[in-house]
1. What number comes out for the charge environment of Phe131, summing +1 per Lys or Arg and -1 per Asp or Glu over other residues with Cβ under 14 Å away?
2. Once phi is turned into θ = phi - 60°, what whole-Hz ³J(HN,Hα) does the Karplus curve with 6.51, -1.76 and 1.60 give for every residue of the stretch 196-202, x standing for Gly and Pro?
3. Determine by what factor the alpha-carbon radius of gyration of the stretch 92-242 differs from 2.2 N^0.38 Å, reporting the quotient.
4. What lysines could a cross-link reach from Lys100, if we take a straight Cα to Cα line under 30 Å and drop same-chain neighbours fewer than 8 places away?
5. Based on other C-beta atoms within 10 Å, arrange Met165, Met1 from fewest to most.
6. Over all alpha-carbon pairs in the stretch 42-84, figure out the percentage whose distance exceeds 15 Å.
7. Using Cα positions and a limit of under 16 Å, work out the aspartates and glutamates in reach of Lys15, with same-chain residues fewer than 8 apart set aside.
8. Contact order normalised by length for the stretch 164-215, with contacts defined as Cα pairs under 8 Å and 6 or more residues apart; what percent is it?
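Throughout, read-outs are computed from the coordinates displayed, never taken from laboratory work. The structure displayed is predicted, hence computed values, not measured ones. Note: ideal-geometry Cβ built from the backbone for every residue, glycine included; neighbour counts use all protein chains shown.
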Amino acid sequence: MKRLVTLYQVNHFEKLAEVADGFLLGNDQFGTRLTKSFSISEIKQVVEQNEVLQKELFLVANQMMTDEQLDSFTHFLKELPLAAFTGVIVGDIGAIMVLKKLGKEHLAIYNPETLLTNDYDFNHLSREHIFGAFVAKEITLADLKRIGHSKKHALFMVGHGHLNMFYSKRQLLQNYLQYAELSLSLHQKQNLAIVEERREETQPILEDEAGTHVFRAPVFQTLNVQKDLATVIDYLVIDTLFKDDEYGFQVLSLYRQDAPNEADVKNLQAQYQETWDEGFLYTKTIYQTKDLIDND
């Protein structure tokens, strides 16, 4: 199982490479929920540094794209040294078709966020000869194992970070500011949170080029199940959104240990003022209609 990490600064690439097997980076014209939007020149700079380090690089282009974006995406890919990348993470079937037209479908990694919850759906695009796919973030450890044991291409999952639980293509923060006649800009700010009326916890919120995103308050972690995951997962993603590269280094260092020191874990949580949990690994997501609930 290889461990991938998101990146904030190009000049931290070499240090993170000491503990990471690979990196995720993208541009906000095509990617969403990015730690940073990297320009083409910055991406090429990372590629140049990686000629020595030989880590795996993944381009994040996970927006749902319009026809115009798909045309621009084609030109964007042609400007990049795609031969230096292990894969391109996309959330849109159209983006896979763009890669196919370029003869690069073997780089495609499908990540539709919540849709791949069983082995049939996970393997469906193997006929297109894609590189791999992300499992949904709401499935249990048992489901992960079931999918992993019948996978036909590489299996990716988010293994650490704030999980995105709400998404709207609308710029909700900017719309609210305009309604309230406030001359502020909250776009791309990574230090924002909202508090629900009925809950005490704060939930991170981000508005980027793709829309508005709300995340779970606790940080999802898989430290305690690494041995189980290693039997089925090919790539585990450490998402450092809302944090920094030092956080990525410390978290990856923990994931490199067979038995992470509990004191180190607690110190890191205290340093970043966060709590960790195991998300949905042991909790089935069950949806009930209002009628069924009323009749109970």
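1. Around Phe131, the surrounding residues sum to +2.
2. 3J(HN,Hα) across the stretch 196-202, in whole Hz: 6, 4, 9, 10, 8, 6, 9.
3. Against the compact-globule rule of thumb, the ratio is 1.22.
4. Lys2, Lys36, Lys44, Lys55, Lys78, Lys137, Lys145, Lys151, Lys152, Lys169
5. Sorted ascending by nearby Cβ count, the order is Met165, Met1.
6. The share of Cα pairs beyond 15 Å in the stretch 42-84 comes to 49 percent.
7. Straight-distance partners of Lys15: Glu48, Glu51, Glu56, Asp244, Asp245, Glu246.
8. Relative contact order of the stretch 164-215: 47 percent.
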